[in-house]
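K.L.:
Let me begin by handing over the structure; questions about it come next.
Derivation of every value follows stated rules applied to the coordinates shown; laboratory data play no part. Everything numeric here is computed off the predicted structure, so don't read it as measured data. Reconstructed Cβ throughout: ideal geometry from the backbone, glycine too, with neighbour counts over all protein chains shown.
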Amino acid sequence: GGFVEVNNVARNVFNLQTTIVGEAYVKEPGVLQVEFPGHIPAEYHILDTDYENYSAVYNCFETANDTHLEYGWLLSRTQHLDQTYVDLALDVFASNGIDITLFEPTYQGDDCPYL
């Protein structure tokens, strides 16, 4: 139907599991329009991917009060990503002028309750 279902599962600041299901549409090559119920639609820019192991994804926008927000994700099809792919993705972010010193890894241990 021209879209992909997006299922985000995470832990919030209170360590409670949150789940939200949305949709992503191809807006133009390398750019997805991602929409979650109750949230402003966002453009996700695919900076790099090998289509099998990882994708480096970036989003930035201005809020109504002129706050500039930037998000970057290193997405993987597996729980544990080989360091080679991590390094490739970090190089892509850096070469696009994104400050990778601000990135924080997400714990992906075997005891994650949402796996």
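K.L.:
Taking every Cα atom in segment 49-115, find the radius of gyration and the maximum pairwise distance Dmax, and write them in Å.
P.N.:
Cα radius of gyration and Dmax of segment 49-115 are 13.8, 40 Å respectively.
K.L.:
For the chain, what is the charge dipole size about the Cα centre, in debye to the nearest 20, if Lys and Arg each add +1 at the Cβ and Asp and Glu each add -1 at the Cβ? Don't skip to the answer; put the middle values down first.
P.N.:
Details: 3 positive and 18 negative charges, 61 e Å.
So the dipole magnitude of the chain works out to roughly 300 debye.
K.L.:
Still on this model: Step through the residues of segment 6-13 one at a time and calculate ³J(HN,Hα) from phi using the Karplus curve (6.51 cos²θ - 1.76 cosθ + 1.60, θ = phi - 60°), rounding each to whole Hz and writing x for Gly and Pro.
P.N.:
10, 10, 9, 10, 8, 10, 8, 5
K.L.:
Here's something else I'd like to know. Report the GluC sites (Glu not before Pro) located in segment 1-91 that are in a DSSP loop and have at most 10 other Cβ atoms inside 10 Å of their Cβ, or state none. Display every interim value, and only then the final one.
P.N.:
Values: sites: Glu5, Glu23, Glu35, Glu43, Glu52, Glu62, Glu70; in loops: Glu52.
Sites meeting the loop and neighbour criteria: Glu52.
K.L.:
Assuming a viscosity of 0.692 mPa s and a temperature of 37 °C, what translational diffusion coefficient in µm² per second does Stokes-Einstein assign to the chain, Rh being the Kirkwood radius over Cα pairs? Mind showing how you got there, number by number?
P.N.:
Details: Rh = 15.7 Å.
So the translational diffusion coefficient is about 209 µm²/s.
K.L.:
Further question on the same structure: Once you keep just the Cα pairs under 8 angstrom separated by 6 or more residues, what percentage relative contact order results for the chain? Display every interim value, and only then the final one.
P.N.:
Numbers: 158 pairs, mean separation 16.9, N = 115.
Reported relative contact order: 15 percent.
K.L.:
Same structure, new question: Can you list residues from other chains, or at least 5 along the same chain, whose modelled amide H is less than 5 Å from the amide H of Asp48?
P.N.:
Ala56
K.L.:
Show me, for segment 39-51, the HN-Hα J-couplings you get by feeding each phi into the Karplus relation (A = 6.51, B = -1.76, C = 1.60, θ = phi - 60°), rounded to Hz, glycine and proline as x.
P.N.:
Listing the rounded values in order: 10, 5, x, 10, 8, 9, 8, 7, 6, 6, 7, 10, 6 Hz.
K.L.:
Moving on to the next point. Of the candidates Thr49, Thr67, Thr84, which one comes out as most mobile in a Gaussian network treatment of the chain with C-alpha springs shorter than 10 Å?
P.N.:
Its mean-square fluctuation being the largest, the pick is Thr67.
K.L.:
Okay, next question. Among the chymotrypsin sites (Phe, Trp or Tyr not before Pro) within segment 74-111, which fall in a DSSP loop and have no more than 14 other Cβ atoms within 10 Å of their own Cβ? Could the numbers behind the result be given before it?
P.N.:
Numbers: sites: Tyr85, Phe93, Phe103, Tyr107; in loops: Phe103, Tyr107.
Loop-located and lightly packed - Phe103, Tyr107.
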